[in-house]
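Visitor: Just dropping this structure here.
The values are calculated or read from the model by the stated rules, or taken from the named source; none is laboratory data. A quick note: this is a predicted structure, and the numbers were derived from the prediction, not measured. Methodologically, a virtual Cβ is constructed for each residue, glycine included, from the backbone with ideal geometry; neighbour enumeration extends over all protein chains shown.
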Amino acid sequence: MMMREAFGSTIAELMRKDERICVLDADLANCNGTTALRNEFPERAFDVGIAEQNMASVAAGLSSYGFIPFISSFTPFATRRICDQIAISIAYAKQNVKIVGSDPGISAQLNGGTHMSMEDIGVLRSIPTMVIFEPVDNEQMIQALPQIVDYNGPVYIRMFRKECPEVFGKDYKFDLFKADKIKEGKDLTIFASGIMVKTSLDAAEKLKAEGIDAEVINVHTIKPIDAETVIESLKKTKCAVVAENHNVIGGLFSAVSEVAVQNCPATIIPVGVKDVFGEVGKLGELAEKFEMTEKDVIEAAKKAVAAK
């Protein structure tokens, strides 16, 4: 099942239970998995057209009347295009709006650089009260959405739209504000998010064969980051790699480094987009181009261990 389908079906289930929840799309319901909601909830599922700034403002107005709006578009149009509306109409005004950005980073693939958001976390992380969440698989998305509905305040969901590898099973217990320690280790920590979690787990297996015991932590909520888990792990391993599908400036690497420099300085090496714009390509090709493969995580891990 594609993640957009997990999102759409879970939102539908929540809308059946809670009449405050509504959904607004910017002419991308088919892409983002919410088309069926218009048939079942014609009074709570809307298409505002290709007008994301208006969509954000309408959502803020709905929130002021007690609704819980979810707005969705491709990631760059759900963040950098509507940054002022998010900052002022939503966050500053204390409105309870949930923002869904699909196809983050290199997952925009053939849509190319204009649709490739390498900076969306950095843009929104600097806005007060904003929560930023990136699910790693369908199970995490399904478990996260009820907690996001219950949370009173703006939340940005960074959604990989298509099919993704399974990381968590049905026995998984999600906590919006607690990172997941997926694999214990003593030599190195790999902090990862989104599509880079599976890459990091695969890299950790290869590192184990080379005598490096890597701890892998899925940081699904980048803001507020789970500082306690970051500190606990870094105090043990003394070095880390941060793997993310985002510019290494302003995203998860920055968030982890900010925690470390104040609490437990360590060698931390980023794996991600090195401050450049995106381009057209398929996911595997772009991962190679931007040095975000399993091999790149392994190389960064060896450098970090050697430097500590």
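Visitor: Just give me the residues in the range 9-18 being charged (D, E, K, R) and either part of a helix (DSSP H, G or I) or under 19 Å from Val48 (Cα atoms) (or both), in sequence order.
Guide: Here is the first cut: in the range 9-18, the ones charged (D, E, K, R) are 13, 16-18.
If the condition is that a residue be charged (D, E, K, R) and either part of a helix (DSSP H, G or I) or under 19 Å from Val48 (Cα atoms) (or both), then Glu13, Arg16, Lys17 are the ones that fit.
Visitor: Return the pair list, or none, for Cβ contacts closer than 7 Å from residues in the range 72-92 that are within 14 Å of Phe160 (Cα to Cα) to residues that are in a loop (DSSP other than H, G, I, E, B) and small (Gly, Ala, Ser), at least 6 apart or on different chains.
Guide: Pairs that qualify, where the first residue is within 14 Å of Phe160 (Cα to Cα) and the partner is in a loop (DSSP other than H, G, I, E, B) and small (Gly, Ala, Ser), are Ser73/Ala26; Thr75/Ser117; Pro76/Ser117.
Visitor: I need a count of the residues in the range 74-86 that are surrounded by fewer than 18 Cβ atoms within 10 Å (Cβ to Cβ) and not basic (Lys, Arg).
Guide: The number of residues fulfilling the criteria is 2.
Visitor: Going by what's in this entry, would Ala6 be described as closer than 29 Å to Gly250 by Cα and part of a helix (DSSP H, G or I)?
Guide: Values: closer than 29 Å to Gly250 by Cα: yes; part of a helix (DSSP H, G or I): yes.
Spelling it out, Ala6 is indeed closer than 29 Å to Gly250 by Cα and part of a helix (DSSP H, G or I).
Visitor: Here's something else I'd like to know. Is there a residue being farther than 26 Å from Ala87 by Cα, surrounded by 21 or more Cβ atoms within 10 Å (Cβ to Cβ), modelled with pLDDT under 95 and outside the structural domain of Gly272 (by TED's automatic domain parsing) anywhere in the range 171-181?
Guide: no
Visitor: Go through (1) part of a helix (DSSP H, G or I); (2) among the β-branched types (Val, Ile, Thr); (3) surrounded by 20 or more Cβ atoms within 10 Å (Cβ to Cβ) and name the single condition Val261 misses.
Guide: Of the numbered conditions (1) part of a helix (DSSP H, G or I); (2) among the β-branched types (Val, Ile, Thr); (3) surrounded by 20 or more Cβ atoms within 10 Å (Cβ to Cβ), the odd one out for Val261 is (3).
Visitor: Determine which member of the set Lys206, Lys173 is in a loop (DSSP other than H, G, I, E, B), of a type in the set (D, E, K, R) and more than 23 Å from Phe74 (Cα to Cα). Steps first, answer last, please.
Guide: Values: Lys206 fails: in a loop (DSSP other than H, G, I, E, B).
Every option except Lys173 fails the conditions.
Visitor: Test Phe46 against the criterion of being at negative phi, surrounded by fewer than 24 Cβ atoms within 10 Å (Cβ to Cβ) and assigned by TED's automatic domain parsing to the domain that holds Met141, and give yes or no. Quick ask: steps written out before the conclusion?
Guide: Numbers: at negative phi: yes; surrounded by fewer than 24 Cβ atoms within 10 Å (Cβ to Cβ): yes; assigned by TED's automatic domain parsing to the domain that holds Met141: yes.
Judged against the criteria, Phe46 is a match.
Visitor: While we're looking at this one, here's another question. Any residue in the range 275-297 that is surrounded by fewer than 21 Cβ atoms within 10 Å (Cβ to Cβ) and closer than 16 Å to Gly185 by Cα?
Guide: no
Visitor: Can you tell me which of Gly194, Gly185 is under 14 Å from the mean Cα position of the chain (by Cα), farther than 27 Å from Gly61 by Cβ and not acidic (Asp, Glu)? If you could, list the steps in order and put the result at the bottom.
Guide: Details: Gly185 fails: under 14 Å from the mean Cα position of the chain (by Cα).
So the residue among Gly194, Gly185 that is under 14 Å from the mean Cα position of the chain (by Cα), farther than 27 Å from Gly61 by Cβ and not acidic (Asp, Glu) is Gly194.
Visitor: Another one. Report yes if Tyr156 is at pLDDT 95 or above, within 12 Å of the chain's Cα centre (by Cα) and within 21 Å of Thr229 (Cβ to Cβ), otherwise no. Walk me through it before giving the result.
Guide: Values: at pLDDT 95 or above: yes; within 12 Å of the chain's Cα centre (by Cα): yes; within 21 Å of Thr229 (Cβ to Cβ): yes.
Taking the combined requirement at face value, the residue satisfies it.
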